[in-house]
1. Only residues that are part of a helix (DSSP H, G or I), of a type in the set (Gly, Ala, Ser) and closer than 17 Å to residue 419 by Cα: list them for region 122-163, please.
2. I'd like to check something: does region 134-142 contain any residue that is among the polar types (S, T, N, Q) and touching a Ser or Thr at 6+ places or on another chain (Cβ under 6 Å)?
3. Just one of (1) under 19 Å from residue 355 (Cβ atoms); (2) outside any loop (DSSP other than H, G, I, E, B) trips up residue 105, so point out which.
4. Quickly run through region 380-389 and pick out the residues that are within 21 Å of the chain's Cα centre (by Cα) and either modelled with pLDDT under 95 or hydrophobic (A, V, I, L, M, F, W, C) (or both).
5. Under the condition of being basic (Lys, Arg) and either assigned to a loop (DSSP other than H, G, I, E, B) or farther than 19 Å from residue 153 by Cβ (or both), which residue from region 397-444 is nearest to the chain's Cα centre (by Cα)?
6. Would you check which residues across region 354-387 are closer than 21 Å to residue 419 by Cα and not aliphatic (A, V, I, L, M) and list them?
Amino acid sequence: MNRRNVIRSLAGGGLIMPGLLSELLAAEDNPLAPKKPHFAPKAKRVIFLFMTGGVSHVDTFDPKPFLNKNHDKPMTKGRRFYKGSGWGFKKYGQCGIEFSELFPHIGGMADDICMIRSMQNINGDHFGATIGLHTGSDTFKRPSIGSWVSYGLGTYNANLPSFMVISPGLPYAGGQVWGSDFLSVLHQGTRIIPGPEPIANMHRRKLTAAQQREELGLLEFFNRQHLKGRESDSNLRARIKSFETAAGMQTAAPEAFDLSKESESTHKLYGLKRGDTKSFGWQCMVGRRLIERGVRFVELIDGDTRIDYNWDAHANMTNYDRLARNVDHPIAGLLKDLKDRGMMEDTLVVFATEFGRGPFQPTPGVNGRGHHSRVYSSWMAGAGVKGGMVHGQSDELGDNVAKDLVTVHDFQATILHLLGIDHERLTYRHAGRNFRLTDVHGNVVKQILA
C-alpha cells in the first residue's frame, strides 16, 4: 500500500479532517507547493552570502587593539607570536559598530546589521567546517540548510527552483554545500554559474511556443501513464517533477537573468558594469531578482578552492584588499536595494564563512594566518533581526568566545525561526529515525530578534 492510499484510508475512517486531507494530497502531488510555517514568520526568503576559505574576524569585523599593540611580540606562554591587523577599524552609523577599512561600504549599512562576534564552528578543517555550517554535520552527508527550507516551506514560483545557488567555482565540500541527501532531489540547490549562459539549455530549441507546449503535453501524458501503479516511488515522482520545473525554467529563468532593463543607477548601486555577467555584483543583483520572483532560498558563494581565489590566507593577507573590493560594494548595494524596495522587511540576509583566522603566528613577520574555528564573526540583516547591534564577544586576542557563544547549530536554528520554522519540529524520517538540520543541538539566539 502506498502513501496516497494510506492517506485516503485514514480519511475514509474519519481520522483525517477534509482540509488536512487536501493539503496532504497536494503536498504528495507537488512537494514544492507552498507550505504553512509552524508560526508567523518574520522572513519569507533568505539570501545567504558565503565567503569561501575562512574570513579573518580580527581583520574585518572584530577589532583587537591588543594584537596591534603587541604585534610580533612573543606570547608569555608557548613559542608563538602575536599578529596584529594590517588594516585600521572605524566606527560606522549611529550604532557605532566598528568595521575594518576593508569594508567601508558594508560599514555604511551598520545600522541595519546585527554583528555576531561569538560564532563557533564544530570543525577547523575547510571541508568539515563548510558542511558543518551548511548541514549541521561535519562528518556525514546531510541535507543543506537551503534544502531543509525548501522541504519545510516549498516555493512561491512553480517555474523556478525553491533553492538556487550562484557559485562560479566549487567551494570546499563541493556540491554537498547545496545537496539534499535523503530529502527529495527536488529540494537540492540548483547551481548557477555566472557567465553568458548561467544555466545550460536555458533557452528552448528552435520551436514555436505552441509546438513546445504540444511536445511537453505529450511527455506529461506518457509520464503520468508510467507513474500509474508506481505512486509509491518517490524518486520517480521527483524526477518527473524536476523535468516539469526545468520546462518552466525555460519560461521564467531567461527573464530573471536578463539585467538589461535594470537602470543605470541600480547597476551603479551594485558596482556593476552593464554587460558584466561574472562579477559578485552580478551575483547580488541576480540574487535579488530571484527572490523577487519567488525563489525561497538563494545562496551567493564567493571564491572556490584555488589558492589566492578565496579567503584562506595562510601566506598572503594582502590578498584581502582585492577580495574585499570584490564583495564590499555589491553586498552594500544589495542591502540598500532591498531596503529601497521595501523588501528588507521580509527578506533575511546572512553573511557567513566557515571559520576565522588565528591571532598568532609561529615566527615574527609571517604574512598569513591559520584556521581558527573557536571564535569568529558573521552577521545578519533584514527581517526580524535587530539592526545596529553587536551580539557576543571574543576575548582580547580574538582567540576564544568571552560572552554569548553562538554555535553553528544556534545560527541555523535562528535562521529557521525567522522563517517561522521550529528547528526541533522540522524533521524527516530516514534510516529508522527522525533527522533534523540541527540534529540534537541548537538554540534560537533570541537576543538578536527584533
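1. Listed by number, the residues that qualify are 146, 147, 150, 152.
2. yes
3. (1)
4. Selection gives 380, 381, 383, 385.
5. 436
6. Matches in region 354-387: 378, 379, 382, 384, 386, 387.
Yes/no per residue for (1) β-branched (Val, Ile, Thr); (2) modelled with pLDDT under 95; (3) under 23 Å from residue 62 (Cα atoms); (4) loosely packed, with under 15 Cβ neighbours inside 10 Å:
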position	(1), (2), (3), (4)
398	no, no, yes, no
407	yes, no, yes, no
428	no, no, no, no
437	no, no, no, no
444	yes, no, yes, no
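Yes/no matrix, rows are residues, columns are (1) without any contact (Cβ under 8 Å) to a residue 40 or more places away in the chain; (2) crowded, with 21+ Cβ neighbours inside 10 Å; (3) within 30 Å of residue 371 (Cβ to Cβ):
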residue	(1), (2), (3)
250	no, no, no
259	yes, no, no
270	no, yes, no
279	no, no, yes
300	no, yes, yes
318	no, no, yes
330	no, yes, yes
338	no, yes, no
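The values are calculated or read from the model by the stated rules, or taken from the named source; none is laboratory data. Just so it is clear, the model here is predicted, and its values are computed rather than measured. Note: ideal-geometry Cβ built from the backbone for every residue, glycine included; neighbour counts use all protein chains shown.
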